[in-house]
Amino acid sequence: MVTPVEEFHPQLDNARGLLLEAARHLDVHPSIIEQLGSPKESMTARLMVRMDDNTERSFTAWRCRYDDTKGPTKGGIRFHPDASLDEVETLAFRMMCKCAVMNLPFGGGKGAVRVDPRTLSRAELERLSRAYVRAFYPLMGPDRDIPAPDVNTNASVMGWMVDEYSALAGKPQPAFITGKPIALGGSLGRSDATARGGFHVVKNLEKELNLADCDKTVCIQGFGNAGQHMATFLHNDGYKIVGLSDSRGAVYCADGIDAYEAVRVKHETGMVSALAGMNGIQTMDPDDLIAADCCLLVPAALEEMINKDNAHRVKAKVILELANGPVTPKADKILEDNGVIVVPDILANAGGVTVSYFEWVQNLQMFYWELDEIHTRLKAIMDRESRAIWELAKATKTSMRTSAYIHALRRLNDAIEAGGTQGHDDSR
Ligand code: NAD
């Protein structure tokens with residue numbers, strides 16, 4: 001059922017470029033760049049799933065374990081109609097770098113199913129989720145590869161997956177997956193961890209990013225888990241949310257949008273554009289959101305939303321990448337030339353994997369922490385690493401993206417070197 005596949009990877013080529021740029025600032029042996037430049041193992045599977053009308057449909061699915069030098073691979077599973085192996089491997093590469101940036105004992109992994117989940121019933125979605133675990137069972141495990149939620153997957157999906165994995169293993173295996181329901185061993189504080197981590201970065205570097213003395217206006221692209229929590233954290237801190245978008249539309253209001261009202265309307269109607277008409281809120285073309293007047297732009301949707309065709313339109317002073325890979329390399333260059341600071345994804349959204357790490361530790365220990373402890377530990381790690389990356393950017397006169405990759409590569413390099421080199425020759 002499981003077969004290796006295709007060799008076309010423009011997204012991964014872009015990601016490798018970041019590694020090479022970081023390597024220019026470090027003394028790294030070429031064999032280490034060789035190792036980190038391609039995934040350790042990727043698998044494709046065809047999932048046959050029974051539909052409610054008793055027909056069978058096939059879905060293409062992937063799992064990538066990019067590199068496990070620093071520990072078991074870790075990364076989410078995405079359900080999306082445009083998913084591809086290239087995207088999965090690139091996201092797994094980013095997870096490797098993100099875990100290194102946070103100094104977590106994990107390598108990078110990722111998975112996906114090519115599916116539009118909105119076309120499936122809940123029972124069909126559950127059967128698909130279980131089929132995924134059965135197909136990739138040999139690759140995954142609490143000390144091998146630990147999945148988590150990503151775009152269009154959530155705690156319920158993780159619940160079905162851990163149930164299936166435990167049934168196959170013949171014993172409860174809560175540490176197999178993170179982002180689970182609390183009732184199945186999920187951690188307190190996981191649901192808002194990605195946004196909370198991004199918020200800590202903003203607060204920690206507010207002065208350095210020149211956000212302390214701007215008018216604190218914010219636009220958020222994508223209003224799902226990450227975007228909604230970010231909106232409420234910023235709102236509570238006195239920031240003014242002026243623009244919001246989702247896959248179905250966008251709204252703008254120069255006087256500010258109440259974040260709690262926006263979350264309520266999104267939950268009730270499924271679209272932010274239903275806010276239009278309330279308190280002076282107007283609809284706008286979603287393509288114009290990134291060009292709206294604001295201090296802080298938070299992409300929290302999908303990859304490559306800010307690219308060479310629209311980067312010159314960005315008016316924000318700072319972009320906080322809550323999504324994975326929302327700014328392309330060409331857009332990065334345009335933004336840098338225009339003085340826009342980009343806080344890179346591997347720092348900005350690393351709060352999610354950090355609390356996933358806490359969840360895994362609690363599952364292994366069978367001892368569960370209070371919410372305060374999770375919040376305190378998350379803040380300490382986010383503050384430590386955001387400060388380190390900012391200082392490194394100053395010292396190396398590089399962008400925050402390059403300094404984050406230097407920071408990650410240094411740790412990966414140290415781990416690979418510490419393990420010696422003679423065991424890595426597959427031709428032995
Ligand atoms: P989600 O599925 O809950 O939300 C995604 C949102 O993006 C939805 O509101 C959707 O309508 C919107 N969207 C889709 N296409 C859009 C478009 N063209 N324009 C505007 N909005 C669009 O997903 P999420 O968990 O919030 O993840 C969002 C991003 O954050 C992804 O890149 C994900 O990889 C990244 N991320 C999430 C987590 C996490 O813990 N949730 C952790 C790290 C990174």
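A few remarks follow.
- For the chain, calculated [θ]222 nm from helices alone, where every DSSP H run of n ≥ 4 adds -39500 (n - 2.57): -13000 deg cm²/dmol
- Placing unit charges on each Cβ (+1 for Lys and Arg, -1 for Asp and Glu) gives the range 10-174 a dipole about its Cα centre, and among 93, 142, 81 the Cα reaching farthest toward its positive end belongs to 142.
- Kirkwood Rh in Å, taken over the chain so that all alpha-carbon pairs contribute: 21.9 Å
- Options 314, 364, 265, ranked by Cα towards positive dipole end of the chain, top entry (Cβ charges): 364
- Carbon-plus-sulfur accessible fraction, the range 194-348 (probe radius 1.4 Å, protein heavy atoms only): 47%.
- Cα principal axis extents for the range 337-421, largest first, Å: 49, 38, 16
- Computed magnitude of the charge dipole of the chain (debye, nearest 20; Cβ of K, R +1, Cβ of D, E -1): 580 debye
- Applying 1/(1 + (r/R0)^6) with r as the Cβ-Cβ distance of residue 123 and residue 182 and R0 = 22 angstrom yields a FRET efficiency of 0.40.
- Residues with amide H under 5 Å from that of residue 71, placed H, sequence gap 5 or more: 107
- Among beta bridges identified by DSSP and lying wholly in the chain, the antiparallel ones come to about 50 percent.
- Along the axis of the charge dipole computed for the chain (Cβ charges of +1 for Lys and Arg, -1 for Asp and Glu, origin at the Cα centre), the listed residues 219, 249, 168 are led at the positive end by 168.
- For the residues 29, 200, a 1.4 Å probe over the protein chains yields an accessible-area ranking, largest first, of 29, 200.
- Computed about the Cα centre, the dipole magnitude for the range 194-348 is approximately 180 debye when only Lys and Arg (+1) and Asp and Glu (-1) carry charge, each at its Cβ.
- Estimated inter-spin distance, residue 384 and residue 283, nm [label 7 Å along Cα→Cβ]: 4.9 nm
- Between residue 330 and residue 365, the modelled labels are 4.9 nm apart [label points 7 Å from Cα along Cα→Cβ].
- One decimal place: the segment residue 310-residue 57 gains 87.3 nm when fully extended, by the rule 0.36 nm per residue minus the C-alpha distance.
- Dipole moment magnitude, nearest 20 debye, the range 10-174 about Cα centre, only Lys, Arg, Asp, Glu C-beta charged: 260 debye
- Between 106, 358, 59, the Gaussian network model of the chain with springs among Cα atoms under 10 angstrom shows the greatest mean-square fluctuation at 59.
- Greater than 28 Å apart at Cα, pairs in 74/171; 266/333; 180/308: 266/333; 180/308
- Rounded to the nearest 10 Å², the accessible area of residue 150 at probe 1.4 Å: 30 Å²
- Carbon and sulfur %, accessible surface of the range 33-179 computed with the full protein complex present, 1.4 Å: 45 percent
- Within the range 10-174, percent of DSSP bridges classed antiparallel, to nearest 5: 60 percent
- With N counted as the residues of the range 194-348, its alpha-carbon radius of gyration over 2.2 N^0.38 Å works out to 0.93.
- Area accessible to solvent at residue 177, 1.4 Å probe radius, in Å²: 0 Å²
- Solvent exposure, largest accessible area first (probe 1.4 Å, DNA, RNA and ligands not counted), of 46, 65: 46, 65
- Taking every protein chain into account, the accessible area of the range 205-350 amounts to 40 square angstrom per residue (probe 1.4 Å).
- Sites residue 208 and residue 338, calculated FRET efficiency, Cβ-Cβ separation with R0 22 Å, nearest 0.05: 0.75
- Accessible heavy-atom area order of 334, 220, highest first, probe of 1.4 Å: 334, 220
- Averaged per residue, the range 10-174 has 38 square angstrom of accessible surface, using a 1.4 angstrom probe with ligands and nucleic acids left out.
- Nitroxide proxy distance, nm - points 7 Å out along Cα→Cβ at residue 414 and residue 35: 1.5 nm
- The calculated FRET efficiency for the pair residue 134 and residue 373, based on their C-beta separation and a Förster distance of 35 Å, comes to about 0.45.
- Computed with a 1.4 Å probe over protein heavy atoms only, the accessible area of residue 360 comes to about 30 Å².
- DSSP beta bridge pairing in the range 194-348, given as percent antiparallel to the nearest 5: 30 percent
The values are calculated or read from the model by the stated rules, or taken from the named source; none is laboratory data. Model, not experiment: these values are computed from the prediction. FYI the Cβ positions are ideal-geometry reconstructions off the backbone, even for glycines, and counts take in every protein chain you see. For accessibility, only protein heavy atoms count, side chains too; no ligands or nucleic acids. Shrake-Rupley method; radii C 1.70, N 1.55, O 1.52, S 1.80 Å.
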